[in-house]
Amino acid sequence: MPHLLAITGSPSAHSRTAVVADHVVRRLSHSGFETAHLSVRELPAADLLAARRGEPEIRRALEAVAEADGLIIATPVYKASYTGLLKAFLDLLPQDGLDGKTVLPLATGGSLAHVLTIDYALRPVLAALGARHVTAGRFVLDSSVERGSGPDRLRPEAELDLYQAVDEFAAALRSAPPADVTSADVTAADVTPSAIAAAALTATP
């Protein structure tokens, strides 16, 4: 069964993005996948910003990416793009650091005005790093993440839409070609812009 790694790029200790990623990880775990979650904010900041790839925590994080068959890349939208924290980590990967991998991109934000961040900011970077297949991503409104005295949860309509993307990602993983098939063998159809189902994310705060 493929090994999956979720990477979240939020600098916040109370991250809605992490809540969304945790929902994804749980669903994939229940489907039988081996999963792990890497929060970039927990890596040593000085080592991350100085690109000290040989330092133990940075090295282990990069090894986790290399060993994963599939990745979930999740980020809040800051200044109409993914976070600088996530960029700092992605910059540590080799040029072909996502070669052969299937990737699910996710973003969270306060307004649907940022819904195209996945396709116009994040997806090109993932493709440039050699991802075999970047599946249709999802943008989740901050207002769809509900917090209270119990566990954080997603509003039902947002959760349903997110799980559709997760199931498509899982199907892509299961149908992935053998490991010796490289990203150069994949057609351009694998990196076309995603059709984001914004209609399911129009819940008001």
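Looking for whichever is modelled with pLDDT of 95 or more, closer than 18 Å to LEU28 by Cβ and under 19 Å from the mean Cα position of the chain (by Cα) here; the options are PHE169, PHE139, PHE89. Which one fits?
Working: PHE139 fails: closer than 18 Å to LEU28 by Cβ; PHE89 fails: closer than 18 Å to LEU28 by Cβ.
Answer to the check: PHE169.
Can you give me the number of residues within segment 109-124 that are surrounded by 15 or more Cβ atoms within 10 Å (Cβ to Cβ), assigned to a helix (DSSP H, G or I) and touching a residue at least 40 places away in the same chain (Cβ under 8 Å)?
Of segment 109-124, the ones surrounded by 15 or more Cβ atoms within 10 Å (Cβ to Cβ) are 109, 114-119, 121-123.
Now restrict to residues that are assigned to a helix (DSSP H, G or I): 114, 117-119, 121-123.
Checking the rest, the ones that are also touching a residue at least 40 places away in the same chain (Cβ under 8 Å) come to 117-119, 121-123.
Of the residues in that region, 6 qualify.
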Exercise for review: Filter segment 57-86 down to the residues that are of a type outside the set (D, E, K, R), more than 21 Å from ALA121 (Cβ to Cβ) and in contact with a Gly (Cβ under 9 Å, 6 or more places away or on another chain), then identify the one that is least open to solvent (accessible area, probe 1.4 Å).
Suggested key: LEU62
Check your understanding: Quick one: in segment 32-51, which of the residues that are outside any helix (DSSP H, G or I) and surrounded by fewer than 15 Cβ atoms within 10 Å (Cβ to Cβ) is farthest from the chain's Cα centre (by Cα)?
Key -> ALA50
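The values are calculated or read from the model by the stated rules, or taken from the named source; none is laboratory data. Since we're looking at a predicted model, the values are computed, not measured. So basically every Cβ, Gly included, is an ideal-geometry build from the backbone, and we count neighbours across all protein chains shown. Ligands, DNA and RNA are excluded from the accessible area calculation, which covers all protein heavy atoms including side chains. Shrake-Rupley method; radii C 1.70, N 1.55, O 1.52, S 1.80 Å.
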